[in-house]
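Colleague: Okay, handing you the structure first.
The values are calculated or read from the model by the stated rules, or taken from the named source; none is laboratory data. A quick note: this is a predicted structure, and the numbers were derived from the prediction, not measured. Cβ sites come from the backbone with ideal geometry, for glycine too, and all protein chains shown count toward neighbours.
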Amino acid sequence: MKLPDEIAAKIKRPRGTRDLMNEDLRYFDFILGKAKERFEQSGFHKIETPLFEHVEVFDRSIGKETDVVSKEMYDFFDKGENHVSLRPESTAGVCRAYLENKMYAGTLPVELWYAGPHFRYDRPQKGRYRQFYQLGAEVIGESNPAIDAQVILLCRNILKDIGLLDSVTLQINTIGSREGREAYCQKLTEYYAGKDRSMCDNCLRRRETNPLRLLDCKNEDCVILADMAPKMIDSLSQEDKDFYKEVKEFLDALGVEYVENPKLVRGLDYYAHTVFEFWNGSEGAQNSLGGGGRYDYLIEQFGGQATPAIGFAFGLDRLVNEMEDQDIEVPTGETTDVFVAGLGQEAKKQSLVLIDKMHDVGIHCVGAMGKPAMNHQLKLADSLKVQYALILGELEVNEGVVLVRDMKKGAQEKIPQEEIVEFMLKKLGNE
Ligand code: HAM
């Protein structure tokens, strides 16, 4: 059937989205499984927040001037005229949930983890999607450099479990408390004053709206300017410096290697003190496999009491890409052990019953109900690499037996129908 062009153009994935299946999903599930083990052994609980929130949740936390909010949000007015947005990240939603569900009334810190789709209207390319998947965690309600180190260690352990420890570097920095940061932004603005001719348009805008991000620009001239800019650490209070020093001491004690990167500022406004990212060896904006940091003022910005917090998120898609690039294998999925081939109407009926009985005892078993010829069915059994084919033709139906064929050896034996499930359990169990 030929569809009109304008409809055919819409019966496609939207740009920047993917149909995840087979290999990719195997990697996804492997990573999620490993991460879940790590979260659970550290006492984290899972949280699922909505895929969309009121726009204010993101405006007030991530920051109106950030790229994520100003350019990349999938926001819209729903049928009730509520201005909502698909979540571009989850920290904001988790903090909203923390307050709304009065988690502060329980034992602190609250330790939560999450995984799922997130949405940013970004320019799609490898490692950058409009629907992408994050795996992250938040520790809300306590401030201590040991917690920062523990959270970073958790990230590192997940990377270790999926075989990526050697291909990433941990970049860390501190952006200090609110006061230190304000003083530093003032210095940066002064430093960049009068340098318009060496700055890209983006940086000219950032100088007015978000000076910290000036350090983050990838433009060649801007990188040179940023390298010579005043250093954040010189604007920070002794208390801020001590906090950072202690984080590093804990990391040293844990044997966690890191690179101090004074230009690391992160793309979201809510951070304070420790920030970190995990980079792979590649150049460019997609080299961050994950990142996070402390966000001690976010809950307050939502109207709660001052509540220190820290968290991180990995980009699952990027972890999968990296594992594939590094030729890291993951275990293959479940295999099918038994194929039931039936010939004739009565045999098909009995096959269906047999498959159901096999499933009840946990045997991985399939049949080809639509394929008429026995040789077609056996070909399919071959391609599925099953160990046994159970054959039910007219003769077998009349005799009340099943032919069990060992697909590797080619040997066959006749087993009474009422004994077949028990027989197969033993056979598969022995192997
Ligand atoms: P983020 O750095 O914006 O941090 O995102 C975390 C990770 O998500 C990135 O390092 C990257 O791997 C992945 N990611 C981001 N955008 C895309 C995209 N368009 N396509 C593919 N992957 C992407 C956050 O989102 C913070 N909420 C992390 C955090 C948690 N901070 C404190 N708690």
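Colleague: What are the residues in segment 288-329 that are of a type in the set (Val, Ile, Thr) and within 8 Å of the ligand (Cβ to nearest atom), if any?
Modeller: Filtering segment 288-329 down to residues of a type in the set (Val, Ile, Thr) leaves 299, 307, 310, 320, 328.
Selection gives 310 alone.
Colleague: Hey, could you check segment 24-46 for residues that are of a type outside the set (Phe, Trp, Tyr) and within 16 Å of residue 127 (Cα to Cα) and say which is surrounded by the most Cβ atoms within 10 Å (Cβ to Cβ)?
Modeller: 24
Colleague: Here's something else I'd like to know. Which ones in segment 393-411 are assigned to a strand (DSSP E or B) and either at pLDDT below 95 or among the β-branched types (Val, Ile, Thr) (or both)?
Modeller: Of everything in segment 393-411, those that are assigned to a strand (DSSP E or B) and either at pLDDT below 95 or among the β-branched types (Val, Ile, Thr) (or both) turn out to be 401, 402, 404.
Colleague: Applying the selection to segment 88-142, what residues are among the hydrophobic types (A, V, I, L, M, F, W, C), surrounded by fewer than 19 Cβ atoms within 10 Å (Cβ to Cβ) and within 12 Å of the ligand (Cβ to nearest atom)?
Modeller: If the condition is that a residue be among the hydrophobic types (A, V, I, L, M, F, W, C), surrounded by fewer than 19 Cβ atoms within 10 Å (Cβ to Cβ) and within 12 Å of the ligand (Cβ to nearest atom), then no residue fits.
Colleague: Just the residues that are charged (D, E, K, R) and touching a Pro at 6+ places or on another chain (Cβ under 8 Å), please, taken from segment 74-104.
Modeller: Listed by number, the list holds a single entry, 87.
Colleague: Another question, if that's okay. Could you list, in sequence order, all residues of segment 62-108 that are more than 23 Å from residue 45 (Cα to Cα) and in contact (Cβ under 8 Å) with a residue 60 or more places away in the chain?
Modeller: Answer for segment 62-108, where residues must be more than 23 Å from residue 45 (Cα to Cα) and in contact (Cβ under 8 Å) with a residue 60 or more places away in the chain: 62, 63, 65, 66, 67, 68.
Colleague: If I filter segment 260-282 for residues that are over 30 Å from residue 73 (Cα atoms), surrounded by fewer than 16 Cβ atoms within 10 Å (Cβ to Cβ), charged (D, E, K, R) and more than 32 Å from the chain's Cα centre (by Cα), do I get at least one hit?
Modeller: Taking segment 260-282 and keeping what is over 30 Å from residue 73 (Cα atoms), we get 260.
Still in the running and surrounded by fewer than 16 Cβ atoms within 10 Å (Cβ to Cβ): 260.
Going one step further and asking which of them are charged (D, E, K, R), we end up with 260.
Next, from what is left, pick out any that are more than 32 Å from the chain's Cα centre (by Cα): none.
Within segment 260-282, not a single residue is over 30 Å from residue 73 (Cα atoms), surrounded by fewer than 16 Cβ atoms within 10 Å (Cβ to Cβ), charged (D, E, K, R) and more than 32 Å from the chain's Cα centre (by Cα).
Colleague: Sort out which residues of segment 207-225 are touching a residue at least 24 places away in the same chain (Cβ under 8 Å) and within 32 Å of the chain's Cα centre (by Cα), and write them in order of number.
Modeller: 209, 210, 211, 212, 213, 214, 215, 216, 218, 222
Colleague: Let me ask something else about it. Considering (1) surrounded by 17 or more Cβ atoms within 10 Å (Cβ to Cβ); (2) away from the ligand (no atom under 15 Å from the Cβ); (3) over 30 Å from residue 254 (Cα atoms); (4) among the hydrophobic types (A, V, I, L, M, F, W, C), say which one residue 193 fails and leave the rest.
Modeller: (1)
Colleague: Can you tell me which of 385, 379 is free of Cβ contacts under 8 Å to residues at least 24 places away in the same chain and over 30 Å from residue 131 (Cα atoms)?
Modeller: Matching residue, one of 385, 379: 379.
Colleague: Just wondering, is there one or more residues in segment 57-73 that are within 13 Å of the ligand (Cβ to nearest atom), under 16 Å from the mean Cα position of the chain (by Cα) and polar (S, T, N, Q)? Break it down into steps so the answer makes sense when it comes.
Modeller: Quick first cut of segment 57-73, residues within 13 Å of the ligand (Cβ to nearest atom) only: 57-58, 61-63, 66-69, 71-73.
Now narrow it down to the ones that are under 16 Å from the mean Cα position of the chain (by Cα): none.
No, because not a single residue in segment 57-73 is within 13 Å of the ligand (Cβ to nearest atom), under 16 Å from the mean Cα position of the chain (by Cα) and polar (S, T, N, Q).
Colleague: Could you please find all residues in segment 7-60 being touching a helix residue (DSSP H, G or I) at 6+ places or on another chain (Cβ under 8 Å) and in a loop (DSSP other than H, G, I, E, B)?
Modeller: 18, 20, 42, 47, 49, 50
Colleague: Related question: In the list 21, 1, which residue meets the criterion of being surrounded by fewer than 10 Cβ atoms within 10 Å (Cβ to Cβ), at pLDDT below 95 and under 30 Å from residue 159 (Cα atoms)? Please lay out each step first, then the result.
Modeller: On the way: 1 fails: under 30 Å from residue 159 (Cα atoms).
Of 21, 1, the one residue that is surrounded by fewer than 10 Cβ atoms within 10 Å (Cβ to Cβ), at pLDDT below 95 and under 30 Å from residue 159 (Cα atoms) is 21.
Colleague: Related question: Of all residues being part of a strand (DSSP E or B) and in contact (Cβ under 8 Å) with a residue 12 or more places away in the chain in segment 413-431, which is surrounded by the most Cβ atoms within 10 Å (Cβ to Cβ)? Just the residue, please.
Modeller: 415
Colleague: For residue 28, state whether it is under 29 Å from residue 107 (Cβ atoms) and either in contact with a Cys (Cβ under 7 Å, 6 or more places away or on another chain) or of a type in the set (Phe, Trp, Tyr) (or both). Working first, answer last.
Modeller: Details: under 29 Å from residue 107 (Cβ atoms): no; either in contact with a Cys (Cβ under 7 Å, 6 or more places away or on another chain) or of a type in the set (Phe, Trp, Tyr) (or both): yes.
Judged against the criteria, residue 28 is not a match.
Colleague: Further question on the same structure: Out of all the residues in segment 243-274, which are of a type in the set (D, E, K, R), under 23 Å from residue 297 (Cβ atoms) and away from the ligand (no atom under 16 Å from the Cβ)?
Modeller: Within segment 243-274, 245, 246, 248 meet the criteria.
Colleague: Restricting attention to segment 379-392, and to residues there that are assigned to a helix (DSSP H, G or I) and among the aliphatic types (A, V, I, L, M), which single residue is surrounded by the fewest Cβ atoms within 10 Å (Cβ to Cβ)?
Modeller: 380
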